[in-house]
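The values are calculated or read from the model by the stated rules, or taken from the named source; none is laboratory data. Keep in mind that what you see is a predicted model, and the values were worked out from it rather than measured. Methodologically, a virtual Cβ is constructed for each residue, glycine included, from the backbone with ideal geometry; neighbour enumeration extends over all protein chains shown. Areas reflect the complete protein model, heavy atoms only, side chains present, ligands, DNA and RNA absent. Shrake-Rupley method; radii C 1.70, N 1.55, O 1.52, S 1.80 Å.
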Amino acid sequence: MNSLLLTGGRVVDPANKFDGIADVLILNGKISAVGKNLSAPAGVKTFDAKGKVVCPGLIDLHVHFREPGQTAKENIATGTAAAARGGFTSVVCMPNTSPAIDSAATVALIHERAREQGSVNVYVSGAITKGIAGEELAPIGGLKKAGVVAITDDGHCVQNNDLMRRACEYAKMFDLPLFDHCQDYSLVTDGVMHEGYWSIALGLRGWPAAGEEMIVARNILLAELTGAKIHCQHLSAAGSVALLREAKKRGVPISGEACPHHFTLTDAAVAGGEKFWNADGKILAASQNGELPQWPGYDTNFKMNPPLRSVKDREAILEGLADGTIEILCSDHAPHCDYEKDVEFDYAPFGITGLETELALSLMQLVHTKRISLADMIAKFTVNPARLLNLNKGTLSVGADADVTVFDPETDWIFKAGDSASKSRNSPFSGWKLKGKAVAIIVAGKMIWSEQMEAVEV
Ligand SMILES: [Zn+2]
């Protein structure tokens, strides 16, 4: 059945500037009507959404599902299950798999797996360079033909500016956005955490904010030179936000995204729970109702790339989200096996899982703190990524694909990494009290996950 009537929810559809109590009628996988007192045609089930938010299906344009080649960490079945539970109906998976997604054949493989085993819509991004080696361009036209929605070397960053310029020219020609993981290798070298007080105190090699800002500045210049749409991934530094704000004012086709860990945590977290709550966690402590989650110093679940930064950087990311400089929220869901993370800080891989915690953390840091409206937050998960990717998604307009997320912004719950639908457990937020949780998701008119269904399964 691809038809359903959702009744009595607070419908928030930023694409249509709608925010009010209404019913949503879905017929044959498409949105048929949004309004008051709709009735279900014979045989169409009703879902009571009273007290909940009903919005276009959330989109996460930055996830790592590790398929093909690294399926001990995650695969399309478990990755999409984690997405569903987090409230996401569409994801874009990154091409740093093994082999990298740099050919039409690998794109086809992922599309096929997603059709067979995926529970949400899986879009694919292709590599900018062959093997993500940063030396030779991938066949960008062939990737576009195979159905990629963006190109990126995420996990890596093209260092050769002329090669990047050519990539921009191809991206523009094929009308693909170019996503960039902004990292200047000569400045960052083998840094493992933010360069600052804590890296010195802990004796760990620093990854300076300038290592990101340098490439954001380069990307602004190349976007201006070529007219290509460049999207800067997982912004972490105050200087990046300032550069982006200034460039956008001049109409440069540049955009940015932020992940909850960068606007929730700081580098003090690498020194352990106690240090973090005393130094930079005070504003979050109230949300934990006096029971502050603790972790040891050098916990590798606080190691990601780019790294957690200073209070000033965290504040700048929040400001950038509030004033619209950063239009997109995403997780950078990066699963790793326990045995890979359970090593010295220097040797652990970068990255954390995020699909099941990002909605709650975004609500807590942006909406419950009144920094932005609920509609603005939802826009950063729906219409904004859909526009960047040229997808006919992210809206509840009549006739649109019936991808819908239902969530309760007020539910208090504790996230336990051990109960995650992901194959991996590497989350820094395990044991945290969160506020706000997905209740159900509908993909193409079909309810594919709900809290109730999960309760029945267990
Ligand atoms: Zn990255």
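Here the Kirkwood formula puts the hydrodynamic radius of segment 169-265 at 14.2 Å, using every distinct Cα pair. The residues Y298, Y339, Y123, sorted by heavy-atom accessible surface at 1.4 Å with ligands and nucleic acids left out, run Y339, Y298, Y123 from largest to smallest.
From the cross-link list K144/K229; K145/K172; K30/K393; K275/K312; K312/K437, which pairs have alpha carbons spaced over 19 Å apart? In this structure, K312/K437 lie more than 19 Å apart at Cα. Take the Cα coordinates of the chain, assign each an equal point scatterer, and use the Debye formula without solvent to give log10 I(q)/I(0) at q = 0.08 Å⁻¹. Log10 of I(q)/I(0), two decimals: -0.42.
Say a site is exposed when it is one of the GluC sites (Glu not before Pro), sits in a DSSP loop, and has at most 12 other Cβ atoms within 10 Å; what is then the longest site-free stretch of the chain? Mind showing how you got there, number by number?
Details: sites that count: E135, E136, E291, E344.
Here the longest run is 137-290.
Principal axis extents of the C-alpha atoms in segment 254-409 (largest first, rounded to whole Å): 52, 33, 31. For segment 286-311, the residues whose amide N sits under 16 Å from a probe point set 7 Å from the Cα of E344 along the beta carbon direction are 298-300.
Run the numbers for E454 and A33: contour at 0.36 nm per residue of separation, minus the present Cα-Cα distance, in nm.
Working: separation 421, 0.36 × 421 = 151.56 nm, distance 2.82 nm.
This chain segment gains 148.7 nm when fully extended.
Calculate, for K17 and A105, the FRET efficiency according to 1/(1 + (r/R0)^6) with r their C-beta to C-beta distance and R0 35 Å; round to the nearest 0.05.
Details: r = 43 Å, r/R0 = 1.22.
Given R0 = 35 Å and the Cβ-Cβ separation, E is 0.25.
Pairs of Cα atoms under 8 Å, at least six residues apart: use those to get the relative contact order of the chain, whole percent. With pairs under 8 Å counted, the relative contact order is 20 percent.
Accessible surface calculations at 1.4 Å, restricted to protein heavy atoms, place segment 227-352 at 35 Å² per residue.
For M173, M377, give the ranking by accessible area with the largest first, probe 1.4 Å. Before the final figure, lay out each step's value.
Values: M173 125, M377 0 Å².
These residues rank, largest area first, as M173, M377.
Once you order the gyration tensor axes a ≥ b ≥ c over the Cα atoms, which shape class does segment 1-42 get: rounded for a/c under 1.5, otherwise prolate or oblate by comparing a/b with b/c? Oblate is the answer for segment 1-42, as a/c is 1.5 or above yet b/c matches or exceeds a/b. Remark: segment 1-90 is approximated by an ellipsoid whose semi-axes, taken from the C-alpha gyration tensor as √(5λ), come to 31, 15, 11 Å, largest first.
Taking the Cα centre of the chain as origin, work out the dipole magnitude from +1 charges on Lys and Arg Cβ and -1 charges on Asp and Glu Cβ, in debye rounded to 20.
1160 debye
Checking the a/c ratio against 1.5 first, then a/b against b/c, what shape does the Cα gyration tensor give for segment 258-324? Oblate, because a/c is 1.5 or more while a/b does not exceed b/c.
The value of relative contact order for segment 355-416, using C-alpha pairs under 8 Å at least six residues apart, is 21 percent.
Leaving out ligands, DNA and RNA, and with a 1.4 Å probe, what % of the accessible surface on the chain is carbon or sulfur? Display every interim value, and only then the final one.
On the way: 8890 of 17060 Å².
Carbon plus sulfur share of accessible area: 52 percent.
Two decimals is fine: what's Rg over Rh for segment 38-132, C-alpha atoms, Kirkwood radius as Rh? Mind dumping the intermediate values first?
Values: Rg = 16.5 Å, Rh = 14.8 Å.
With Rg and the Kirkwood Rh in hand, the quotient comes to 1.12.
For segment 70-100, there are no residues whose amide N sits under 13 Å from a probe point set 7 Å from the Cα of E410 along the beta carbon direction.
Loop only by DSSP, 12 or fewer other Cβ within 10 Å of the Cβ. Give me the chymotrypsin sites (Phe, Trp or Tyr not before Pro) in segment 159-256 that pass, ordered by residue number. Each step should come with its number before you reach the end.
Details: sites: Y170, F174, F179, Y185, Y197, W198; in loops: F174.
In loop regions of segment 159-256 (DSSP not H, G, I, E or B), there are no sparsely surrounded chymotrypsin sites (Phe, Trp or Tyr not before Pro).
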